[in-house]
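See structure below.
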Amino acid sequence: ANATRRYDAACLRHLQIGAPPVRFGRYHRCMFSYRHAFHAGNHADVLKHIVLIATLRHLMRKDGPLTLVDTHAGAGIYRLDDGAAQASGEALAGIARIQQLAQPKDSGKKVAPAQAGKAKAAIDNIADDLSDYLDLVASFNASAPAGSAWRTYPGSPFIIHALMTEPERAAVRDRLKLFELHPTDIHSLQAHVAQLEAGRQISTARQDGFEAMKALLPPPLAPGGSRRAMVLIDPSYEIKTDYAKVAAAVQDGLQRFPTGVYLIWYPIIPRPEAHGLPRRLKTLAQQAKRPWLNATLHVGASAQETGLSASGMFVINPPHTLKAGLDAALPQVLDALAVDHGRGQAWAVEAG
């Protein structure tokens, strides 16, 4: 525990001088240098969680219960006003900008009528998938003063739990399985989940999510004989072998349960393994004769070339409504998040 605290302090100091977290000696493998608290609410989270919510909304239209698996759950929920988030500033360039679409602030500056009209039109015509995402994040900040910046950001576990316990869904009794290896994050996750008082609906384990998902697929038969599952795979990819582990886990999952829905987040960075992963996932989906979707968002590389500027979400067995929803939402997301004078700004949704 003391080593973890020293390590986190070192990460924080490193961020304060404008650099991303790095590995520190022997803590590289045993402690895992990646902590999502530094990155919560950034542009990658925005993309990931818009896709996650839209996918779950569609799956939850059917009454059959779902087995929901998050292989790399993190701490579950994050404060945007703590040292980690404030030091990195990634939430300020992510969810804070997206929030302004729903809660524009009056800066007191005069704006040309044409600009004011354009801003109002954008606010009045937020795409459904983006609006749903905004509403859900706002629900975790309901006690915040009107117009103030959101201070809480839900990770994937809390987003999934929020959807599975909505009044119209709660009686179905979906099951959520959460896995995390980081010694600090697993304790935070367990403490946060305990506050939900969800009982047996949610389970947490300090376990390798790649291995854990094998025992959960295929999911148990539900009343009526159906089997339904969604798996979110979201490692940090700090260790380059994670790319091969993701592909192997998806391949194994498709063999065990080909009709499951698999959501895979990945970074778009200049590394051969990163470039190859979406191609490999596409091949696996085609070999299994399953539909797929690949959504990417590039907010623009800054002149300093620091930090992640692009990421993707690959979905196997996506809802048939997902592509149209993302085609409408991602242009608005990019408008809000694009880095001034950044290079390579783009969004794309490919499906097959």
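The values are calculated or read from the model by the stated rules, or taken from the named source; none is laboratory data. Owing to the predicted nature of the structure, the values given are computational and were not obtained by experimental measurement. Positions of Cβ are backbone-derived with ideal geometry, glycine not excepted, and every protein chain shown enters the neighbour counts. The protein model used for the area step is the full one, side chains on, heavy atoms only, and it has no ligands, DNA or RNA in it. Shrake-Rupley method; radii C 1.70, N 1.55, O 1.52, S 1.80 Å.
Okay, residues lined up against (1) within 14 Å of Ile159 (Cβ to Cβ); (2) outside any helix (DSSP H, G or I); (3) modelled with pLDDT of 85 or more:
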{"site": "Ala19", "(1), (2), (3)": "no, yes, no"}
{"site": "Arg23", "(1), (2), (3)": "no, yes, no"}
{"site": "Val46", "(1), (2), (3)": "yes, no, yes"}
{"site": "Ile50", "(1), (2), (3)": "yes, no, yes"}
{"site": "Thr55", "(1), (2), (3)": "yes, no, yes"}
{"site": "His58", "(1), (2), (3)": "no, no, yes"}
{"site": "Arg61", "(1), (2), (3)": "no, yes, yes"}
Scanning the range 182-213 for residues that are touching a Phe, Trp or Tyr at 6+ places or on another chain (Cβ under 7 Å) and farther than 22 Å from Tyr262 by Cβ gives His182
Residues of the range 63-101 that turn out to be open to solvent by 40 Å² or more (accessible area, probe 1.4 Å) and either part of a strand (DSSP E or B) or basic (Lys, Arg) (or both), as a count | 2
Working only within the range 297-337, note down all residues that are within 21 Å of Tyr266 (Cβ to Cβ), hydrophobic (A, V, I, L, M, F, W, C) and modelled with pLDDT under 95.
-> Ala301, Leu308
Within the range 229-244, residues part of a loop (DSSP other than H, G, I, E, B) and of a type outside the set (D, E, K, R) come out as Pro235, Ser236, Tyr237, Ile239
In the range 153-179, anything open to solvent by 20 Å² or more (accessible area, probe 1.4 Å) and within 15 Å of the chain's Cα centre (by Cα) is listed as His161, Ala162
Applying the selection to the range 202-221, what residues are surrounded by fewer than 17 Cβ atoms within 10 Å (Cβ to Cβ) and within 18 Å of Asp63 (Cα to Cα)?
-> Pro220, Leu221
Subset tally (residues that are open to solvent by 20 Å² or more (accessible area, probe 1.4 Å) and in contact with a helix residue (DSSP H, G or I) (Cβ under 9 Å, 6 or more places away or on another chain)) for the range 303-316 = 3
Name the single residue, out of those in the range 334-352 being part of a helix (DSSP H, G or I) and touching a helix residue (DSSP H, G or I) at 6+ places or on another chain (Cβ under 6 Å), that is least open to solvent (accessible area, probe 1.4 Å).
-> Leu337
Hey, among Leu216, Leu163, Leu221, Leu178, which residue is out of contact with any His (no Cβ under 6 Å at 6 or more places or on another chain) and within 22 Å of His39 (Cα to Cα)?
-> Leu178
